[in-house]
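This report concerns only the one structure given below.
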Amino acid sequence: MTHPIADPNDPPWLRGLNPPQRQAVLTTEGPVLVLAGAGTGKTAALTARLAHLVYTRKAWPSEILAVTFTNKAAREMRERIGRMLGDAVEGMPWLGTFHSIAARMLRRHAELVGLQSNFTILDTDDQLRLLKQIIAAADLDEKRWPARQLGGFIDRWKNRGWTPGEVDAGESELFANGRGAELYAQYQARLKAVNACDFGDLLLHMLVILKTHRDVLEHYQNRFRYILVDEYQDTNASQYLWLRLLAQSRKNICCVGDDDQSIYSWRGAEVANILRFEKDFPGAVIIRLEQNYRSTPHILAAASGLIAANSGRLGKTLWTEADQGEKVRILGIWDGPEEARRVGEVIEDHQRGGGSLDDCAILVRAQFQTREFEDRFIAIGLPYRIIGGFRFYERQEIRDALAYLRVVNQPADDLAFERIVNTPKRGLGDKALAKVHSLARAQGIPLTLAAARILDTDELTPQARRALGNLIGDIARWRDASTQLPHPELARQILDESGYTAMWQADRSVEAAGRLENLTELVRAMEEYENLGAFLEHVSLVMDNDERAGGDQVTIMTIHAAKGLEFDTVFLAGWEEGVFPSQRALDEGGNASLEEERRLAYVAITRGRRRVYILHAANRRIYGQWTSSIPSRFVGELPAEHIEEETSMTGGESLWRANWSERADPFANIARGTGRGPGWQRAAGGGQFTTAPARVVEARASAVSLGNKGRSDLSLGQRVFHQKFGYGTIAEIEGNKLEIDFEQAGRKRVMDSFVTAS
C-alpha cells in the first residue's frame, strides 16, 4: 500500500498528500498531465500546486493562469487557496472559468475584433430574438428553420473554433439548404453592430486575436509563467486551441483530468484533447492519481472492470485502503413500477435502521425515468428532491400539456386557458388577449366563454379571430371526444392536433428530445387512473406535496448531473439496452458514443461510497408500448467476483437465467433459432406475455450481429410516422435503415423499427 508522506517539516499544503499527489505538486517545470481518477483528491493536489508555486516564489499570483469549468469550482479553489495563502489569493486575477477569463482578456483587446470594451454579453433569450430577426430578414420560414436550431449550429461551430468563413459546405448544408454559414456571418455582423457578443464569442474572438496578433499572443505567453487547467477532459476544440497557444512558449502547463469521466460530447467536449496531450507536449510527465478516498474496493473494482472495455483511454486502476465492503448488487425486476417499489423498500429499510435519506441517491440516464419514482415516493410519503432539473410535473412541457387537459376537463379553468391560448404560437397578440380578458371581467364569465362570445364581434382582427376560433372549436371537439375516447388516447390526440408535439419535434435544441420523451411518459402515466378527472386530481396532490424544510430527502438526478457528487448508497435505475446505453447513442454515434455511454456508467458507479444497486427490468414502457428488455451490456461487463445478483419477479414469474454466460450473450437463444428471447412483450388487449424477439433484436443490433434485414411492410414512397420527427415519406431503403423526407424536420436517416406506417 502507498501511504502519505508525513514529514513535520513539510509546509501545510504538502501535509497529508500521498506520493503521486505530492509529485503533481512538486513537478513544476514543463508539461504535466495529472490523470485523476474518481475520488482521488485531485482538487487537493491542484490547490496545493498553486500554493506551492506562490510560496516558493516561482511566480507572482498574477503570473498564474488557473482555469476551471464552473464558477462553483473556481470559488472552491479560491477558498481553499485563501485558507493556505491568506491575502495572497486576492492577487490572483486569472483564476476563474474559461469564459470569465476570456471575457477579461477580450475587454482589453475588443477593438481588434470590431467591438468596444464595454460590449454586452447576450443571454439566450436575446440571442434567439436576434436570430429570429435574421431568419425573417432572409425570407425563411421560422417554423421550418427554427432560430433555436440555427443557434445550436452556431454554438457548435464556435465550440470548434470556426469563424463563419471556416464553416465548410457540408456543415453549412445543415441549415436552410446550405445557407447556414451565410446566416452565421449575418449574425456575427449584427452582434458587432450592436456592440455585443454571445458566450461562444468570448473564446472565439480571443482565439482569432491570438492567431492574428502576434504581439498580443506574446504578451500573454510572457505573462503566464504557469498554467493550470481543471477537468481537462471536458475541453472543447476552441478551449483546447486557446490553451495550446498560450502554453506554447514556456510549456509550463499542468492539466488535471480523467479521460474515463469525459461525458459531455453533446456540449462540444472532445476526449481526444486529453488523449493527445503527450503528442501536443512532447516529454510531458504523466502522473496517475489512483488511490481512491471515496468508495469500497468492490465498487472500485466493478467500475474499473467495466471501463476496461473502452479502447480510447490512457488507463489507470483505482484502489483504496478502505474495508472490502459490500459487493455491487444487481437486481433483476419485472417492470418499471416494481423498480420504483423495490428501491422505495430498500430506502425505507435504510431509514428504519437509523440511516439518513440524504445518504441515498437514485441516478437515471434520462429525466423521464424519474416519474415513476416520484409517484411511488408520494404514495408512501418518502421525501425526495430533484437535482439538476424540475420535478416531473413541474417541467414546462408537462405543465403545458396538463393545461390543455385541465381546460378540456374544466372549461372555467382560466389559468390553464391563459397558458395554452398562445402555446404553440397562434398569432394572438397582447391586444387580442387583453380584449378577451376585458370581456370576461365585464360579464363575469370564464375566459373560454368570453373567447367564444368575442368571436361574434368585430373587435378582433381577421387573423386573431380565425386563430382563436380554431382553438375554441378544438376545445369543444376535444370535450365531446372525452366521452368516447380513453383519456390517454384523448391526451395523445390533443397534443397532436394542437400542434404542441410538432412544436417540440421542430425544435433542434438539446432539450427537445427529452421533452418529447417526457410527454410520452405523461400519457403513459395516465393509463394507471380510471379517468381524466382522477388523473388530474392525482397531479394536484403531487404538486401540493411541499418539501420538508430542513428534513432528510432522497436525491433523484441524472447521471450527468451527479458528476462530482458522492453518496453512501446509490441506486442506478434502468440498466437495459436502449435505455442505458441509450438507443439514440447506439443508432447515431457508433463506437464513440458507446464508449461515452460506458464512461457515463463508470461515473455512475463511482458516485457510491458504500453501496451500489444496479437495477434492470424485464419489461419497460418505451414510447407508450410495453417492450421486452434485456440487461444492459454494461451489466455483463462487470467483474463477476465483485457483484451479487438477485432476481425479484412479482407473481412468481422469473425470466432470468442462472447461467451468467448466457446473459452476457442475451441473444444466444435467438441466434440459435429456438425462438425464445431474453425478454417478453405484453400482448395487446390481454394479460398474457408472448415472446417478441424481433423488436429487441433490431434495436440492439450493435450488441450482437444478427444481419441487416429490413422490414417487409415498408416500401419507397410510403408515408410513415416517427415519434420525434413526425410524418414523412420514405425516399431510400438500405436494409433496416431508411432515408425519410419528413414534413417538418427535413430528410433524416433512421432505423425502420422506429417508424410506423400511416
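Structure data summary
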item	result
Residue-wise HN-Hα coupling along region 423-434, computed from phi with Karplus coefficients 6.51, -1.76, 1.60 (Hz; x: Gly, Pro)	10, x, 4, 10, x, 8, x, 4, 5, 5, 5, 5
Charge dipole (debye, nearest 20) of the chain; +1 at Cβ of Lys and Arg, -1 at Cβ of Asp and Glu	1580
Cα lying deepest toward the dipole's positive end in the chain, options 647, 243, 522, charges on Cβ	243
Of all accessible heavy-atom area on the chain, the percent that carbon and sulfur account for (1.4 Å)	48
Beta bridges by DSSP in the chain, antiparallel share as percent, to the nearest 5	35
Estimated dipole of region 1-133 in Debye, rounded to 20 [Cβ of Lys and Arg +1, of Asp and Glu -1, Cα centre]	100
Full-stretch length increase - residue 741, residue 141 - with 0.36 nm per residue and alpha-carbon distance subtracted	214.3 nm
Anisotropy class of region 125-276 from Cα gyration tensor, a/c 1.5 cut	prolate
Cα-based shape type of region 112-168, given that a ≥ b ≥ c are square roots of the gyration tensor eigenvalues and the cut on a/c is 1.5	oblate
Kirkwood hydrodynamic radius of region 309-349, Cα pairs, Å	14.1
Cα-based Rg of region 560-622 normalised by 2.2 N^0.38 Å, two decimals	1.18
Cβ-based net charge around residue 757, under 9 Å, with every Lys or Arg adding one and every Asp or Glu removing one	0
Calculated FRET efficiency for the pair residue 104/residue 193, C-beta based, R₀ 22 Å, to 0.05	0.40
Dipole of the chain, positive end: most advanced residue of 411, 559, 319 [Cβ charges, Cα centre]	319
Pairs from 132/748; 132/431; 158/431; 279/327 whose Cα-Cα separation, in the structure shown, is over 31 Å	158/431; 279/327
Neighbour net charge for residue 96 - beta-carbon separation under 9 angstrom, K R +1, D E -1	+2
Selection from 502, 178, 297 lying farthest towards where the dipole of the chain points positive, charges on Cβ	178
Global form of the chain, assessed from the alpha-carbon gyration tensor, a/c cut-off 1.5	oblate
Helix-derived mean residue ellipticity, 222 nm - over the chain, DSSP H n ≥ 4, -39500 (n - 2.57), to 500	-13000 deg cm²/dmol
Two-site label geometry, residue 26 and residue 456: point separation in nm, points 7 Å out along Cα→Cβ	9.1
Debye log10 I(q)/I(0) for region 447-512, one point scatterer per Cα, at q = 0.17, 0.23, 0.27 Å⁻¹	-0.75, -0.96, -1.07
Debye, to nearest 20: dipole size of region 147-207, +1 on Lys, Arg Cβ, -1 on Asp, Glu Cβ	180
Those lysines that a straight Cα-Cα span of less than 18 Å connects to residue 42, excepting residues fewer than 8 apart in one chain	72, 316, 563
List 13, 266, ordered by accessible area with a 1.4 Å probe, largest first	266, 13
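The values are calculated or read from the model by the stated rules, or taken from the named source; none is laboratory data. The shown structure was predicted, so the numbers you read here are calculated from the model rather than taken from an experiment. All Cβ positions, even for glycine, are placed from backbone atoms using ideal geometry, and neighbour counts span all protein chains on display. The protein model used for the area step is the full one, side chains on, heavy atoms only, and it has no ligands, DNA or RNA in it. Shrake-Rupley method; radii C 1.70, N 1.55, O 1.52, S 1.80 Å.
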